[in-house]
Amino acid sequence: MSEQTRREMFCGIAAAMLSGTLLPAQQAEHIHHAVAEARANGKYAPKALTAHEYATLEHLSEIIIPGSAAAGAPAFIDFLCSVCDDMKDIFTGGIGWLDEQMGHRYQVAGFVDARPEQQTAMLDLIAYRKNASPELNPGIHFFDWARRMVVDGYYTSAAGFKEVGYMGNQGLSHFSVPQEPLQYALKRCPV
């Protein structure tokens with residue numbers, strides 16, 4: 001596949017994600033493969049985010065899903081940001097907003113420099129739409145994106161597949177319906 005074709009494919013994936021479309025496992029696999037190629041020579045070098053932004057994203061990822069940084073979720077997000085300017089704007093603007101708010105509230109240089117309880121207090125404000133206000137709306141919008149993208153990045157990685165027991169698309173010689181979920185569904189069925 002030519003580099004231009006790969007770039008167009010990744011840009012299309014990022015555009016689909018921006019429109020709210022779910023990311024099919026096969027497309028996510030292509031992104032994780034590209035990230036794995038980039039990590040082959042050691043630690044992943046950010047392509048779109050600055051070192052500080054990437055460190056903030058790694059830290060935020062670990063708060064959202066422990067183990068997601070090692071699974072490559074931040075690299076997944078950075079890689080998509082490198083092919084989609086709209087997504088990059090969401091993350092660079094959101095991390096900038098988060099750092100600025102942490103500076104105003106706690107007199108620290110940025111989110112990663114704050115104490116864990118300060119980080120938690122800030123995330124408690126922006127994690128819920130019920131806290132919507134002109135002051136918090138940019139943070140709420142950013143955190144919504146960050147949370148969804150970390151989940152996508154983690155649960156489409158090898159570690160995420162393993163956690164949920166995903167076996168991939170393969171033929172089975174025999175399939176039996178698990179009885180526990182079936183019985184649960186039948187008990188709740190109004191018919």
> Of all residues in the range 141-161 being of a type in the set (Val, Ile, Thr) and surrounded by 19 or more Cβ atoms within 10 Å (Cβ to Cβ), which is farthest from Leu60 (Cα to Cα)?
Replying inline: Thr156
>> Take the conditions assigned to a loop (DSSP other than H, G, I, E, B) and free of Cβ contacts under 8 Å to residues at least 24 places away in the same chain and apply them to Glu163. Does it pass?
In response: no
>> Given the options Thr120, Thr56, name the one that is in a helix (DSSP H, G or I), free of Cβ contacts under 8 Å to residues at least 60 places away in the same chain, exposed (fewer than 15 other Cβ atoms within 10 Å of the Cβ) and hydroxyl-bearing (Ser, Thr, Tyr).
In response: Thr120
> Within the range 123-139, can you find the residues that are surrounded by 17 or more Cβ atoms within 10 Å (Cβ to Cβ) and of a type in the set (Asp, Glu)?
Replying inline: none
> In the range 130-154, what count of residues is obtained for those that are among the small types (Gly, Ala, Ser) and within 18 Å of Lys88 (Cβ to Cβ)?
Replying inline: 3
> Inside the range 93-117, can you point out the residues that are part of a helix (DSSP H, G or I) and in contact with an Asp or Glu (Cβ under 6 Å, 6 or more places away or on another chain)?
Replying inline: Ile95, Phe111
>> If a residue must be surrounded by 20 or more Cβ atoms within 10 Å (Cβ to Cβ) and out of contact with any Phe, Trp or Tyr (no Cβ under 9 Å at 6 or more places or on another chain), how many such residues does the range 70-99 contain?
In response: 1
> Within the range 162-188, which residues are closer than 30 Å to Thr56 by Cα and charged (D, E, K, R)?
Replying inline: Lys162, Glu163
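Taken together, the values in this text are just the output of simple stated rules run on the coordinates, not laboratory data. It should be emphasised that the depicted structure is a prediction, and the values quoted were computed from it without experimental measurement. Note that we place each Cβ from the backbone using ideal geometry, even for glycine, and neighbour counts take in every protein chain shown.
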